[in-house]
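Here is the structure we will look at.
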Amino acid sequence: MGILFALGAFFGWGIGDFLIQRCTRKGGVTLTFWIISAIGSAALLPFVINSETAFSEILSFPILLATGTTIMNGFFLFWLFKHINLSIVQPVISLELPLGVILAAILFHESILPQQWLLIFAIFLGVVMLSFALNPFKVGKIKLEKGILLTTLAAFVSTSMNLSTAAAVEQFDPWFVIWAVGALITLVLLPLVLQKRRVYFASLKENPILYFATSIIDVTAWISFSFGVVYLPISLVLGLSQGYVLVSVILGITFNKERLRSWQYLGLFVTMTALIMLAFTTQ
């Protein structure tokens, strides 16, 4: 059951991130983030309305921590999706997998095998190759891909979001955790949305299906991730679900006509292969 939930996050995040990029380029980062949070929390309300913790624990520390890290990650990631190709952003963001495995070993007392350390190194190697705009094998022509440093920072923020969400799920019902985070983000971002309500709602009116579909897919992915954590170790859920990077990159190359250089394809191959192998060796 846990593997099915992890695979649900795999496909949900992969398709969701591809759609999020389209939303941010049509309506902006703030509107996209708010719409996803608002529709997602509204969709989950029937599952928590009768819960005793629905209102009494919404301001508890685990929920506030998960909300804070999600807000940071959302603005980081959505800005990157808006300005940089998915084929570059996603593989670097996948650094959250080895980071998550390492931190899970420390915080959740999950062990890391020697072969897993080798695969983590392979992921870093692949990401480094993907990060160079010019051929890294040519001496004197080193140029980092645009936004790569910010993307790497976003990977650390994303890791903190995943782990804080997993920690909250250990204390509360997964339905409640995802609903509470979405509801709080909706309230926090509402003043920003109202400031540009005419522009934002015009975009929403022009693309209602895109925003709605993106919101439902994204919240479904997060529910799948949260229930996966209930049944499996966090490191295994991260390993299985992190393959979503491959889905969104393929969608970006196919539909957005994004292009990679030959050595970046090699880096992408190394990264994805190591991610898949790490997923199946994580206990």
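The values are calculated or read from the model by the stated rules, or taken from the named source; none is laboratory data. If you're wondering where the values come from, they're calculated on a predicted model, not measured in any experiment. Note that each Cβ is placed from the backbone with ideal geometry, even for glycine, and that neighbours are counted across all protein chains shown.
In summary, helices (runs of 4 or more DSSP H) completely within region 227-283 and bearing 1 or more residues that are more than 23 Å from Thr165 (Cα to Cα), among the small types (Gly, Ala, Ser) and modelled with pLDDT of 80 or more occur at 262-281.
Under the condition of being at pLDDT 75 or above and not in a helix (DSSP H, G or I), which residue from region 89-136 is surrounded by the fewest Cβ atoms within 10 Å (Cβ to Cβ)? Among residues in region 89-136 that are at pLDDT 75 or above and not in a helix (DSSP H, G or I), the one surrounded by the fewest Cβ atoms within 10 Å (Cβ to Cβ) is His109. Among residues of region 28-56 that are among the aromatic types (Phe, Trp, Tyr), those with a Cβ under 8 angstrom from a residue that is crowded, with 24+ Cβ neighbours inside 10 Å, sequence gap 6+ or separate chain, pair up as Phe47/Trp179.
From the residues in region 47-62 that are among the aromatic types (Phe, Trp, Tyr) and closer than 24 Å to Leu163 by Cβ, which one is modelled with the lowest pLDDT?
Of the residues in region 47-62, the ones among the aromatic types (Phe, Trp, Tyr) are 47, 55, 61.
Restricting the remaining residues to those that are closer than 24 Å to Leu163 by Cβ gives 47, 61.
On the way: Phe47: 92, Phe61: 95.
The selected residue is Phe47.
For region 28-81, a residue qualifies if it is among the aliphatic types (A, V, I, L, M), buried (at least 22 other Cβ atoms within 10 Å of the Cβ), over 24 Å from Ala202 (Cα atoms) and within 16 Å of the chain's Cα centre (by Cα), and exactly one does: Ala66. Checked against (1) more than 14 Å from Tyr244 (Cα to Cα); (2) surrounded by fewer than 24 Cβ atoms within 10 Å (Cβ to Cβ), Leu7 passes all but condition (1).
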